Amino acid sequence: MTRRIEPGLLFFAFLLVFLLAGCKQSMTSGSGAASASGQAGRAVLNVGVTANAPPFVFKQDRKLTGLEVSFAMQLGRYLNKEINFVEVPWEKHFDYLKDGRTDIIMSGMTITEQRSYVVDFTKPYMRSGQIMLVRMEDRSRFAGGINSVLNTNYRLGTVANTVSDYFVTSVINGANEVVFQAPEDALSALTKNEIDAFIYDAPVLCYFAAQNQQDKLTPILEMGTEEYLGWAVRKGDVELLAGANSFMDSLQADGRLQEEIKRWIPYLYR
């Protein structure tokens, strides 16, 4: 004999199944949210980067990579913080840091006295300087490094609002400077014979030379300046500054610092 199911009981059964399913979905979403933020309660470190300066920070297959990206991920593990990369126009880095949109700048930044008035720098992690990238056919003309372009009318490419721009305008009297917004623009101009030399940070130019051998470019490794690279935090952020310096000490102590630098800039250290 078939038993008749009351409509009210059937409705109640469907309602119960619906509520249980909703409860299960809610629990799963909560678990996923905790997973998306890494570990529950783990703080986030917002790292400011400008992704146009290989080998420090650049994009490969639309993903950030480079020396500073590697350092940042290791710093996150050292401080037990989630890393959130914030892409920032180069000239806006200090504004983002001051406004709290970033916590630290890790983007191949040169430590300068002027910049030290507005940010606190970590210990330097690398020695650098301004060198020239030239076409291989012209290397004999520029063998003396920066001295080769003093009192000349050579077209010298630089990048706006960087040490290269400041260096050329302040040191080379009457320089025929051609200012670009990004290093890649200056590199393209050099290959097209629109400038005679590209003056910029040694690690970047060595990387460009190694990655663009088909264009027959060569760096002149005579440094025109002596500079040091470091990371910048907000003025007075003593805790983060101490943590970043402690991390850097650990990198130097076990040899990982030089190992990481050589991995990304072999041309400069071969």
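Values computed for the structure shown
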| quantity | calculated |
| --- | --- |
| Summed side-chain charge close to Glu194 - residues other than Glu194 whose Cβ falls under 15 Å, Lys, Arg +1, Asp, Glu -1 | -3 |
| For segment 191-270, the fraction of alpha-carbon pairs in successive 10 Å shells from zero, as % | 14, 35, 29, 17, 5 |
| Subset of Lys63/Lys92; Lys98/Lys262; Lys81/Lys235; Lys98/Lys216; Lys63/Lys98; Lys92/Lys216 violating a 31 Å alpha-carbon distance limit | Lys98/Lys262; Lys98/Lys216; Lys92/Lys216 |
| Label-point separation, Asn212 to Leu150 (7 Å along Cα→Cβ), nm | 2.8 |
| Whole-Å distance, taken between Cα centres, linking segment 102-137 and segment 226-270 | 12 |
| q = 0.20, 0.23 Å⁻¹, segment 130-220: log10 I(q)/I(0) [Debye, one scatterer per Cα] | -0.86, -1.17 |
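Only the coordinates and a few stated rules stand behind these numbers; no lab work does. Please read these numbers as outputs of a predicted model, since none were measured by experiment. Note that each Cβ is placed from the backbone with ideal geometry, even for glycine, and that neighbours are counted across all protein chains shown.
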